[in-house]
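Peer 1: Handing you this structure, nothing more for now.
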Amino acid sequence: MKPAIDYLLHLADNALVLGQRNAEWCGHGPILEEDIALSNVSLDLIGQARLLYQLVASLKGGNCTEDRLAYFRDTHEFRNYTLLELPHHGPLSGYAQSSMDYGTTIVRNFLYSALMALLWEALEKSANADLAAIAGKSLKEVRYHLRHSRDWLVRLGDGTDESHARVQAALDHLFPYTQEFWAQSPAEAQAIAAGIGVDVTTLQADWDAIVDAALAEATLVRPPVGGYVTEGKQGIHSEHLGFLLAEMQSLARAHPNGSW
Amino acid sequence: MYTQSFNVPDGAGKTVPLAPSTEDPALQAAFDARIDADGRIEPQDWMPEAYRKTLVRQISQHAHSEIVGMLPEGNWISRAPSLKRKAILIAKVQDEGGHGLYLYSAAETLGTSRDQMLEGLHSGRAKYSSIFNYPTLTWADVGVIGWLVDGAAIMNQVPLCRCSYGPYARAMVRVCKEESFHQRQGYEALLVMMQGTAEQREMVQDAVNRWWWKCLAMFGPPDADSPNSAQGMRWGIKRVSNDELRQKFVDATVPQARVLGVTLPDPDLKWNEERQHYDYGQIDWNEFWETVNGNGPCNKERLATRVKAHNEGQWVRDAALAYAEKQKARSIKEAA
């Protein structure tokens, strides 16, 4: 059961953390249609997170609930990719925030959706029937997310000089974080051994093909990777997740016995 | 949500008298006959300029209200206390964006572009519902906005489904369906909180105290002080007077407050057997007009936030246009 729980939390935390980030655009988008689109993506992700947390809660039993998992775990217990917790702008520490950059948002959504379109498809064959069912539903959603982010990646890349420069900078910033996709964690290894999870490295060639085709169409250059490989999925995060969770969890923790 | 339930003249906040009609009398007569027969005016139909202007002003104010209204509630998305409430709130705020979209589209059928309307908002010339110039201080505000603010908006908007201008009336049918869903969601969120801890119940009462009078003011000045209303009624744009709508809202809300277990903060609120309605106290119109005219607690923040989103999104919109132009050029080249 433990391998399933750790693996499901990884998938759930990915969805929740990116859902939380994308919702930051609600009311602040570059054009009304994109406010609505980003909110929709966020809603899908939070919906996926809820199903996965509910599954974890049922496996854990006792008084575990989706909200206990989302609101009462600390930073080191979150298992999401570091990529997904970063603010919507270039590399800056803590309080040195900058305005949200739509290019960063789009690049991240594209890189992650391209992976999840492959991963959810493979997870439809998971030995865990509940996970397979969640994968089926999530696959339909992520195909839209991929289409949305890819379309914008191409528009921004092949748009104006400014949009090209911005989206290339976002790509340069975020691309190294994708190395974490391919560095297998112990939890992933156990889930693969149990037939629950998928060996993501088997998806890498397909991911490369999706990414390279889109970058070519967007006239963007694939950045080199190397150096530090993030370890968010093992609970070692960037400094940004602490702020994200502090905000997200504040009200629930202020009223631990509240009913909502 | 949401419209200001009355028509605030854009600009200085003073009522501008309608210019006497200089239109073709035959066309004017046909228009009047259609209005009198409770018929619909469609975009391709002839209409008096003053009717067109009034509609553009009202529909764009309504659209702006939807968009600005995303901010006070959006303020709580990141901190929603459960995943279910987070999802509900995102969906709700997204619906408001959708309403803004239909309404801008409805107004565009009158020959004014979305860019022109946004320019009016961003320059501070065009108004939006004043209710959004108040802050959302606790999570209970989210529920109370659903219950009371959306509730007040519905009272005003249901009659707009019969508005004489077809595109506006049709947009309002969908808007009203979604609003009434939001209103029930808000009320349900409060019911759950009232069954929770003492702190949660206090939070709900505090939010009701802060929003109640603002919601009553949403219906606009008393009929006697509402000079634009008569022309709006004549044109079938406005169907029910401010005071009638306000009374209807009070009468509907009092029993809901009782079920919820909150007190409405008005010592003069009591059933009047003779009128068969609830009496209620004096609304602070000075405070209301101060807020309408830009001096409320959040006016500057709301507007600056909209302007920031628009300005910082310029490069994205420019890129989309540039890309579309390139695609067009490429397809022409291919065809040749």
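The values are calculated or read from the model by the stated rules, or taken from the named source; none is laboratory data. All of these numbers come straight from a predicted model, not from anything done at the bench. A quick note on method: Cβ atoms are made from the backbone with ideal geometry, for glycine too, and the neighbour counts reach across all protein chains shown. Accessible surface areas use protein heavy atoms only, side chains included; no ligands, DNA or RNA. Shrake-Rupley method; radii C 1.70, N 1.55, O 1.52, S 1.80 Å.
Peer 1: Where the centroid of each part is defined by its Cα atoms, how far is region B:93-122 from region B:158-227 in Å?
Peer 2: That distance is 21 Å.
Peer 1: So what J values fall out for region A:199-211 if you push phi through Karplus, 6.51 cos²θ - 1.76 cosθ + 1.60 with θ = phi - 60°, rounded to Hz, Gly and Pro as x?
Peer 2: With the stated coefficients, region A:199-211 comes to 6, 5, 4, 6, 9, 5, 5, 5, 4, 4, 5, 4, 5 Hz.
Peer 1: Something else about it: Picking from B:Ala153, B:Ala126, B:Ala37, which is most flexible by a Gaussian network model of chain B using Cα springs under 10 Å?
Peer 2: Ranking B:Ala153, B:Ala126, B:Ala37 by mean-square fluctuation puts B:Ala37 first.
Peer 1: Hey, any idea what % of the protein assembly as shown's accessible area is carbon plus sulfur with a 1.4 Å probe?
Peer 2: That fraction is 55 percent.
Peer 1: Please say if the protein assembly as shown is rounded, prolate or oblate, where rounded means a/c under 1.5 for a ≥ b ≥ c the square roots of the C-alpha gyration tensor eigenvalues, and otherwise the choice is prolate for a/b larger than b/c and oblate otherwise?
Peer 2: oblate
Peer 1: Between region B:244-319 and region A:81-113, how far is it from one alpha carbon centroid to the other, in angstrom?
Peer 2: About 37 Å separates the Cα centre of region B:244-319 from the one of region A:81-113.
Peer 1: Counting helices only, and only those DSSP H runs with n ≥ 4, report the 222 nm mean residue ellipticity of chain A as the sum of -39,500 (n - 2.57) divided by its residues, in deg cm²/dmol to the nearest 500.
Peer 2: -21000 deg cm²/dmol
Peer 1: Another question about this same structure. Name the long-range amide H neighbours of B:Tyr165: under 5 Å, sequence gap of 5 or more, or other chain; modelled H, no Pro or chain starts.
Peer 2: Counting only residues 5 or more places away or on other chains, the set is B:Ile41.
Peer 1: Please report the relative contact order for chain B, taking Cα pairs under 8 Å with a sequence separation of at least 6, and give it as a percent rounded to a whole number.
Peer 2: The value is 21 percent.
Peer 1: Separate question: Excluding A:Leu241 itself, what net charge comes from residues whose Cβ is under 13 Å from its Cβ, given Lys and Arg +1 and Asp and Glu -1?
Peer 2: Local charge sum for A:Leu241: -3.
Peer 1: In addition: Have a look at B:Leu27, B:Leu264, B:Leu190 and tell me which one the Gaussian network model of chain B (Cα, springs below 10 Å) gives the largest fluctuation.
Peer 2: Sorting by GNM fluctuation, first place goes to B:Leu27.
Peer 1: Before rounding to the nearest 500, sum -39500 (n - 2.57) across all DSSP H runs of length at least 4 in chain B and divide by the residue total; then give [θ] at 222 nm in deg cm²/dmol.
Peer 2: That comes out to -20000 deg cm²/dmol.
Peer 1: Counting other Cβ atoms within 10 Å, which trypsin sites (Lys or Arg not before Pro) in region B:263-302 have at most 16 and lie in a DSSP loop?
Peer 2: B:Arg275
Peer 1: Heavy-atom accessible area per residue, the protein assembly as shown, 1.4 Å probe: how many Å²?
Peer 2: On a per-residue basis, 40 Å².
Peer 1: Shape of chain B from its Cα gyration tensor (a ≥ b ≥ c, root eigenvalues): rounded if a/c is under 1.5, otherwise prolate when a/b > b/c, or oblate?
Peer 2: oblate
Peer 1: Quick one: buried accessible area between A and B, total over both chains, 1.4 angstrom probe, nearest 100 Å²?
Peer 2: Roughly 4100 Å² of accessible surface disappears when A and B pair.
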